[in-house]
Amino acid sequence: MSTENEGPGVPSEAEPPTGPQPDSAPAPASGDRTQHTPPAPAAPPPPDYAPRAGEPGAARPETPAGPEHTQQLPPAPPAPQAPHGELPPSPPAAPFAAAGHGPAGGWGAPPAGGGDPWAAPGPHPAPPRRGGGLIAAVLVAALVAGGVGGGIGYWAAGRNDNASTTVSAPGDPGALNRKPTSVSGIAQRALPSVVTIEAQGASGDGGTGTGFVYDTQGHILTNNHVVASAADGGRLTATFSNGKKYDAEVIGHAQGYDVAVIKLKNAAGAKLTPLPLGKSANVQVGDATIAIGAPFGLSGTVTTGIISAKDRPVASSDGGGSSASYMSALQTDASINPGNSGGPLLDAGGNVIGINSAIQSAGNGGGMGGESQSGSIGLGFAIPIDQAKRVAQDLIKTGQPIYPQIGVQVGMRETGDGATIAQTGNNGSDAVTPGGPADKAGLKPGDTITKLDDTVIDSGPTLISEIWQHKPGDQVTLTFKRGGKEHTAQVTLGQRTGDK
């Protein structure tokens, strides 16, 4: 799983790993691929066109098959479609229905009174239309299809005195029920506080991601892998929903947590409204979610879903492939894609409960900014905001992340049996740090840790993810096996400052 998907393994350790990571996820490219605009389809018959009279065997116009990956226009004008998987997806269950976000009526229908909306008056043939290039770029295809259908409908109605007349809806805004607690109401409040981040390293590499206003001092919270390319030189910009762009700088970044804080330069005049932070500890499976970001560069995209699972261990990569990040993630089926990284995951009250960070893609390809630019299959992962807030405070205060640790190195392969302390650490070091928290609690090389408090530990990444949910100084109970027998130990978490 990665920023993003799971790939080859990392060496044994229960601290942020360094060096080549054979078990960590493949590196995510933070860039977004440019999408080519498909050619517009052939124009419809002009309004003043009519077939010649007296010709037998009249037929409806036909659309010949176009090139591969094109779509044929149907015999009736299609109903307009929502943009590809975005605004809105299938309506979620109860939480949004209560806010007036239940199913609405259809967006279009065949002409009233029946009949063929494509037919010209009389039995005379019309020349066939040229094949259109409706390549599956849905935004373009939906608009073009709507325009063609509308044009031909007008032409047919204008030529047939018996054609039906459409009736316009009254357009009562109250009927749309856009309450402040609806998805629309929440999006309108949140969008001005969400920015699109463009990062470019000194060597020219970089890409696009998302962030959101953290405080009134101009700090923006995002993912480390979004800004990693510009952290040590390069250019960083943040663009608000009103189109205003500001230069920014990295204040601090935590590779292990995949969290970063940037700050606007010369933010005078910027409207800085921090998004309210919720409590991810209170989130329950089935709660409604709203994701905002810039998938594939499409800024201000809003999607909805639910919390599908909690405490999902996820290993991700910052794009360099040298080190891994770990999170005990919130899983959501809200559609998030490359470019959503760093954007807020909101609850039904509009409070931030997570930072969108990683996706699982079909075939384990790509991720949020991955080389293959794979898209959403409904498996998205967010860093819980409780953890991200603590990390952000450390980064703003000192510029360095602080990691809790127990002082052991463990195997990172997911065996499902627990996290086993290695016999020997990296480069011949001790697998149990002498005088460290685990050593003081009596743990030894070869012990297999199976639980941390009440959380089952099935692997090294799960152990690290759970430890990093805590603060240095917290006391936890470790359950471990040694020689076939189960033991418990109280461990007070130590700390390490900075990334290795």
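The table that follows gives values for the structure above.
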| read-out | value |
| --- | --- |
| Residue among Ala431, Ala419 that alone is farther than 28 Å from His253 by Cβ and either of a type in the set (Ser, Thr, Tyr) or touching a strand residue (DSSP E or B) at 6+ places or on another chain (Cβ under 7 Å) (or both) | Ala431 |
| Selection status of Asp232, farther than 20 Å from Pro344 by Cα, over 18 Å from the mean Cα position of the chain (by Cα) and at pLDDT 90 or above | no |
| Count of residues meeting criterion [of a type in the set (D, E, K, R) and buried (at least 20 other Cβ atoms within 10 Å of the Cβ)] in the stretch 431-467 | 2 |
| Residues located in the stretch 214-233, provided they are surrounded by fewer than 24 Cβ atoms within 10 Å (Cβ to Cβ) and β-branched (Val, Ile, Thr) | Thr216 |
| Looking only at the stretch 385-430, and only at residues there that are in a helix (DSSP H, G or I) and among the β-branched types (Val, Ile, Thr), the one that is surrounded by the fewest Cβ atoms within 10 Å (Cβ to Cβ) | Thr398 |
| The one condition in (1) of a type in the set (Val, Ile, Thr); (2) out of contact with any Gly (no Cβ under 7 Å at 6 or more places or on another chain); (3) surrounded by fewer than 24 Cβ atoms within 10 Å (Cβ to Cβ) that Ile251 fails to fulfil | (2) |
| Output for the stretch 452-500, where each listed residue is in contact with a helix residue (DSSP H, G or I) (Cβ under 9 Å, 6 or more places away or on another chain), within 15 Å of Gly436 (Cβ to Cβ) and aliphatic (A, V, I, L, M) | Val476, Leu478, Ala489, Val491, Leu493 |
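Let's see how each residue does on (1) modelled with pLDDT under 95; (2) in a helix (DSSP H, G or I); (3) under 30 Å from Pro461 (Cα atoms):
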residue: Gly243; (1), (2), (3): yes, no, no
residue: Gly256; (1), (2), (3): yes, no, yes
residue: Ile262; (1), (2), (3): no, no, yes
residue: Asn266; (1), (2), (3): yes, no, no
residue: Lys271; (1), (2), (3): yes, no, no
residue: Leu275; (1), (2), (3): no, no, no
residue: Val285; (1), (2), (3): no, no, yes
residue: Ile292; (1), (2), (3): no, no, yes
residue: Phe296; (1), (2), (3): yes, yes, yes
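The values are calculated or read from the model by the stated rules, or taken from the named source; none is laboratory data. If you're wondering where the values come from, they're calculated on a predicted model, not measured in any experiment. Every residue, glycine as well, gets a Cβ built from its backbone with ideal geometry; the counts of neighbours run over all protein chains shown.
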